[in-house]
Each structure stands twice: as structure tokens, then as C-alpha cells.
1. Looking only at the stretch 105-123, count every residue that is crowded, with 18+ Cβ neighbours inside 10 Å and more than 10 Å from the ligand (Cβ to nearest atom) and tell me the total.
2. Mind checking whether some residue in the stretch 51-71 is under 23 Å from residue 23 (Cβ atoms) and surrounded by 16 or more Cβ atoms within 10 Å (Cβ to Cβ)?
3. Looking at 46, 84 in this structure, which one is touching a strand residue (DSSP E or B) at 6+ places or on another chain (Cβ under 8 Å), away from the ligand (no atom under 16 Å from the Cβ), on the phi < 0 side of the Ramachandran plot and without any contact (Cβ under 8 Å) to a residue 40 or more places away in the chain?
4. Those residues that are over 16 Å from residue 21 (Cα atoms) and either within 16 Å of the ligand (Cβ to nearest atom) or part of a helix (DSSP H, G or I) (or both), I need them from the stretch 89-104; list them, please.
5. Condition first: over 10 Å from the mean Cα position of the chain (by Cα) and part of a loop (DSSP other than H, G, I, E, B). Now tell me which residues in the stretch 73-88 satisfy that.
6. Within the stretch 52-66, count every residue that is assigned to a loop (DSSP other than H, G, I, E, B), more than 10 Å from the ligand (Cβ to nearest atom) and in contact with a strand residue (DSSP E or B) (Cβ under 8 Å, 6 or more places away or on another chain).
7. Can you work out which of the residues in the stretch 30-43 that are under 14 Å from the mean Cα position of the chain (by Cα), in a helix (DSSP H, G or I) and away from the ligand (no atom under 15 Å from the Cβ) is surrounded by the fewest Cβ atoms within 10 Å (Cβ to Cβ)?
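Derivation of every value follows stated rules applied to the coordinates shown; laboratory data play no part. Quick caveat: nothing in here was measured; it's all calculated off a predicted structure. Cβ sites come from the backbone with ideal geometry, for glycine too, and all protein chains shown count toward neighbours.
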Ligand SMILES: [Zn+2]
């Protein structure tokens, strides 16, 4: 049977694909595994200049004390591999990569996450240009 299924990534529009990716991310942001990774980054710390911040974490990358609410559970090996396009992945793989093994997750601060994402996107562009 060759019926087109919308849940087949290839049949989606880029907009639908990005919306679904965002939805998967939002569900992950409320998951137990993410919470556990962020919780494990908590550290006993106070800063007199910021008395209202009671929860602190240690960033796994820059090793700075960061308010816990600014921490991100980073996928060490990115959930969309740098040499792969989202439209070439099945949603099962995207979900499996998102809810990955705990040892592929690291609590890092938003600034470090931004830097890592930027360098991954650079590799993505390079891999895109290299393949054609
Ligand atoms: Zn950091």
C-alpha cells in the first residue's frame, strides 16, 4: 500500500516538521530524565549579591556557578547528527535520540549551550556543502 502518511517525516512541510520538533523538545523539557540531569548539577552555593537565587548549579562546560533555572540538559552527541538532515530521520529516531541514555546528557549553562549549538550548526553547513 502506498498511502501517504503525514507522520512520515518526508511528507511534512518544513513548517510542520519544525513545529513537531519543537513539540518534542517541549515534552522533553518536562521529562523526568531532563529533571534528573539538571537536579544532579545542583550545588551548595550562595551569592550575597543575588540573595533571591537559592538554587545554584555548576555548568559542566565552563565550571561556573549558574542559577539552576538557567541550566540546559545538553545532548552531548546532538540529537540531530551534524551530517544528517531532520527530514531524513524518522520521528522514532528523533524521539529515541531525544530521550537518550543519561550519559549522553550534560547539564550546561545557556551561554555554553549557545556556543555549542553555533559550532554544531557550522559543522552542519560544512557537511552540507561538502556533500554536493
Ligand atoms: Zn557554562
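1. Here the count works out to 2.
2. yes
3. 46
4. Within the stretch 89-104, 102, 103, 104 qualify.
5. Within the stretch 73-88, 81, 82, 83, 84, 85 qualify.
6. The qualifying residues number 2.
7. Taking the candidates together, the pick is 35.
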